[in-house]
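The values are calculated or read from the model by the stated rules, or taken from the named source; none is laboratory data. Bear in mind that the values here come from a model prediction, so they are computed numbers and not experimental data. Because the Cβ atoms are built from the backbone with ideal geometry, glycine has one as well, and the counts that use them run over all protein chains shown.
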Amino acid sequence: MKKIVLVLFFWFYACEGHGQNIKSETGYVKFFSSALIEDIAAENNEASAYFNPETKEAVFLIPIAGFEFEKSLMQEHFNENYMESDKFPEAYFKGILSGFRAGQVESQAIAEGEMTIHGVTKEIRVPGKIFHSGSSLRMEAIFNVVLEDYQIEIPKLMFQKIAEEVEVTVKFEFLYQ
Amino acid sequence: MKSGFSFLIVLFLITSQFCIAQDLLDQLREKTELENKPVIGTFKGTRIINGQSVETRGKGNLEMIISHRFGRINSGAYNLFGLDDSNVRLGLEYSLNDRLTLGIGRNSFNKIYDGYLKGKIIQQKSEGSPVTITWVSDASIYSLKRPDLEMTFERRLRFVHQMLIARKINPMLSLQFMPSYVHRNLVATASESNHLFALGLAGKIALSRRVGLTGEYYYRFGNNNQGYNSLGLGIEIETGGHVFQLQFTNSIEMTPSGFIPSTTGEFFRGDIHFGFNVSRSFQVRKSN
């Protein structure tokens, strides 16, 4: 009985978190796709993230409606027709950043875990870089997302051809408290 | 017992790992608080059938709208069910900002020039205003020569003011009410009033993300109204930058000063015009 109480205690303790989470509130996400008639690009400054340097666990959260386009109509179509942001308002990643070494100025890391976009979850592996300077950590990665993997449909009846793969750039800065 | 215990510990360790990630995600969600976002895409086009929708395009957007209304379907096979006659409206509208749009157009029927100012007053939000309200003030010039009557410039003018109130009830259904006031400086008969009040009703049912069914009806108040109330049913297809609207309506005119007071066709007797609106958007200035 004592043992069970002990185990439960540790389990709750684990759930409470290992304390040392650092947060990023100024995440930057950009996507770019080159298409026949015009390139499509959008930027988002509303992303946020948590990272635990001890366990190397990380979660990244990106509100879909935060993507800003140069053409407002394109932004409407992105939300309405492609991402269905009323049904799926966010994209997120949760997993482990393996390869991260605390104290190293620059480390090559690999984000391994689950990415959820458009309500579809996929296991991914994304290489990136983590820069450590003083009291902050900066993470950068560039990777490709295949729209079909996340069931984002490209209609046949389109005048603008849309690429089936988009390039995503992410930059997050974390501050040690 | 011992192995069972260590198995439990391993199990707890695994679940606690999962627990942390999920917990962190929920914490982020709490802080991000998906903001109060405007409800977009109440209608696909800035028109529903003949009349305006609450939609205004974003800043710096230039929209070209080409509309056709063919002759009456019940004019028979000799006229290819109306396709031999064609009335065209060429229109351009420019959005000064996300709420204010200026538009001009030229109609072949009665050689009417029209211009309007359209402003979005209230935007429907996910939490906040339940409706979008847009004001439209439209002026048009009837420029057809009438040798039988001395046509001064004043006599050629017509004005319409409309308050468009719309709600996207769910992703499938949008409804719009259009209280409207029409003033014509010259009317066809002495018994007709220069003033006319009308209430429009319109709706859209989305069949898919890009295709929808639309309907529009204007009820006119008063007893001495000539002709019929304007009614239209259509289908709209959005293809990214273009909106195609195909419709059947008893009105031949495409400006509110025409189709609200002077629709001459009786829909249910087959006085129906097939027609379409095709719009194309160009971003001529940066939107931000």
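Listed values, structure above:
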{"read-out": "Members of the stretch B:225-259 found to be farther than 22 Å from B:Tyr113 by Cα, of a type in the set (Ser, Thr, Tyr) and not in a loop (DSSP other than H, G, I, E, B), listed by number", "value": "B:Tyr228"}
{"read-out": "Filter result for the condition that a residue is within 24 Å of B:Trp135 (Cβ to Cβ) and part of a strand (DSSP E or B), over B:Gly203, B:Gly212, B:Gly222, B:Gly275", "value": "B:Gly203"}
{"read-out": "Residue check, B:Arg285 surrounded by fewer than 16 Cβ atoms within 10 Å (Cβ to Cβ), of a type in the set (Lys, Arg) and under 24 Å from B:Asn97 (Cα atoms)", "value": "yes"}
{"read-out": "Meets criteria (farther than 27 Å from B:Ile169 by Cβ, at pLDDT 95 or above and either within 14 Å of another protein chain (Cβ to nearest Cβ) or buried (at least 19 other Cβ atoms within 10 Å of the Cβ) (or both)) for B:Ser67", "value": "yes"}
{"read-out": "Scan of the stretch B:37-64 for residues that are buried (at least 23 other Cβ atoms within 10 Å of the Cβ) and hydrophobic (A, V, I, L, M, F, W, C), ordered by number", "value": "B:Phe43, B:Ile48, B:Ile49, B:Val54"}
{"read-out": "Residue ranges of strands (runs of 3 or more DSSP E) in the stretch A:19-120 with at least 2 members buried (at least 18 other Cβ atoms within 10 Å of the Cβ) and touching a helix residue (DSSP H, G or I) at 6+ places or on another chain (Cβ under 7 Å)", "value": "A:40-52, A:57-63, A:90-98"}
{"read-out": "Qualifying residue in the stretch A:58-75 (condition: over 23 Å from A:Ile152 (Cβ atoms), at pLDDT 90 or above and not aromatic (Phe, Trp, Tyr))", "value": "yes"}
{"read-out": "The one condition in (1) out of contact with any strand residue (DSSP E or B) (no Cβ under 8 Å at 6 or more places or on another chain); (2) touching a residue at least 40 places away in the same chain (Cβ under 8 Å) that A:Ile96 fails to fulfil", "value": "(1)"}
